[in-house]
Amino acid sequence: MEILNDLPEEQYVEVDEFLAYIGIYDDDKRLNAYSRWLQKLDGWIRGRTVVEAGAGFGLISRKILEHSPAKLIAVESNPLTFNVLRNRLGGDSRVVPINMSIEEFVPSGHIDLLVHEFYGSMLYDENLFALEMLRFTPEQVFPDGGELRAAVVSLRDIHDEVVDRSVLRQLEGVIVGDLFVEHSLTPQDFDIPVARYRFGEGIATFDVDISGKDGELVAFSLFITHGDDVVCSAIECQNWSIGWTPRAGDRFRVDYIVEDGYSRTIFSWKNRTTG
Ligand SMILES: C[S@@+](CC[C@H](N)C(=O)[O-])C[C@H]1O[C@@H](n2cnc3c(N)ncnc32)[C@H](O)[C@@H]1O
């Protein structure tokens, strides 16, 4: 969704962010994955105080409410999204909707569980960094981790009539979300760790060496994790894009720079072999 007319800067930013998240609510697999995990976390919810950071339109909040918390504090920073949230959940006496950044929120009592969905397609390119700036310590966080993993892919395994080698050459150093929509990749194909996030530890990024792998393309997938388990991945949940980039060497890195409330993804080949 894009804004097609000119707007004052402040309104533009608010509406743009509001619209940016609307598409996620169509992703039933994402919601079902969270729902299954909330079932496992029932003991952390029933009769307890739960915070949802970035509650959006309240879809996950509704799932949390099915497990009978004593109190659900639904924190949402975007004022337009917050209006929708308050409208939808404000009538439930267990819900306290708060229009604030989670980094500014200071609860009056103990928080048993914090639930969030702050993941970007490149893992740390959306809002995960906000969880490192909390002014309270929840006893449990769900999900508590995430990984960005890569797969090396041969162009001959992707049957695309438009994107051929000459197109790919123009995209060196660029990671393109959903460049190929048709592919046969499975989560198991993504066996190369690129970056790892753990609540309380932050983000770790790795020097990646793909010299033992054949293929002219590198694909990236987000994996949301909790403990040692995968909650869902970009392969299964349509909300996140698979990132694609032409191979230009054997070693690369993905790094992140957090600045002015945004996280930028920096991608670089360490030993380019094409020219
Ligand atoms: C990916 S959406 C998730 C919405 C909802 N939790 C769900 O999964 O259905 C992220 C939401 O977090 C909000 N958000 C982003 N950064 C935030 C922050 N630092 N504090 C509070 N809310 C934030 C966004 O406006 C957006 O509504």
On the basis of being more than 22 Å from the chain's Cα centre (by Cα) and more than 12 Å from the ligand (Cβ to nearest atom), does Val153 make the cut? yes
When segment 171-230 is examined, which residues are found to be outside any strand (DSSP E or B), of a type in the set (Val, Ile, Thr) and more than 21 Å from Pro246 (Cβ to Cβ)? Thr186
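Which of the residues spanning segment 175-197 are of a type in the set (Ser, Thr, Tyr) and touching a Ser or Thr at 6+ places or on another chain (Cβ under 9 Å)?
Taking segment 175-197 and keeping what is of a type in the set (Ser, Thr, Tyr), we get 184, 186, 197.
Within segment 175-197, just Tyr197 meets the criteria.
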Somewhere in segment 222-229, is a residue acidic (Asp, Glu), touching an Asp or Glu at 6+ places or on another chain (Cβ under 6 Å), closer than 30 Å to Arg48 by Cα and open to solvent by 40 Å² or more (accessible area, probe 1.4 Å)? no
Search segment 111-120 for residues being within 11 Å of the ligand (Cβ to nearest atom) and not β-branched (Val, Ile, Thr), and hand back the single one that is surrounded by the most Cβ atoms within 10 Å (Cβ to Cβ). Tyr119
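On the given criteria, is Phe199 away from the ligand (no atom under 16 Å from the Cβ), not small (Gly, Ala, Ser) and not assigned by TED's automatic domain parsing to the domain that holds Lys40? Break it down into steps so the answer makes sense when it comes.
Details: away from the ligand (no atom under 16 Å from the Cβ): no; not small (Gly, Ala, Ser): yes; not assigned by TED's automatic domain parsing to the domain that holds Lys40: yes.
Here the answer is no, as Phe199 does not meet what is asked.
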Would you call Arg86 more than 10 Å from the ligand (Cβ to nearest atom) and either at pLDDT 95 or above or out of contact with any Asp or Glu (no Cβ under 9 Å at 6 or more places or on another chain) (or both)? yes
Scan of segment 256-275 for residues that are within 23 Å of His116 (Cα to Cα) and touching a residue at least 60 places away in the same chain (Cβ under 8 Å), ordered by number: Tyr256, Val258, Ser263, Arg264, Thr265
Looking at this structure, is Tyr25 within 9 Å of the ligand (Cβ to nearest atom), of a type in the set (Ser, Thr, Tyr) and free of Cβ contacts under 8 Å to residues at least 40 places away in the same chain? yes
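Quick grid of which residues meet (1) open to solvent by 30 Å² or more (accessible area, probe 1.4 Å); (2) at pLDDT 95 or above:
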{"site": "Ala151", "(1), (2)": "no, yes"}
{"site": "Ser154", "(1), (2)": "no, no"}
{"site": "Asp164", "(1), (2)": "yes, no"}
{"site": "Arg169", "(1), (2)": "yes, no"}
{"site": "Val174", "(1), (2)": "yes, yes"}
{"site": "Asp178", "(1), (2)": "yes, no"}
{"site": "Val181", "(1), (2)": "yes, no"}
{"site": "Asp189", "(1), (2)": "yes, yes"}
{"site": "Arg196", "(1), (2)": "yes, yes"}
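The values are calculated or read from the model by the stated rules, or taken from the named source; none is laboratory data. This one's a predicted model, so the numbers in the text were calculated from it and none came from an experiment. Note: ideal-geometry Cβ built from the backbone for every residue, glycine included; neighbour counts use all protein chains shown. With ligands, DNA and RNA removed, areas are computed over all heavy atoms of the protein, side chains included. Shrake-Rupley method; radii C 1.70, N 1.55, O 1.52, S 1.80 Å.
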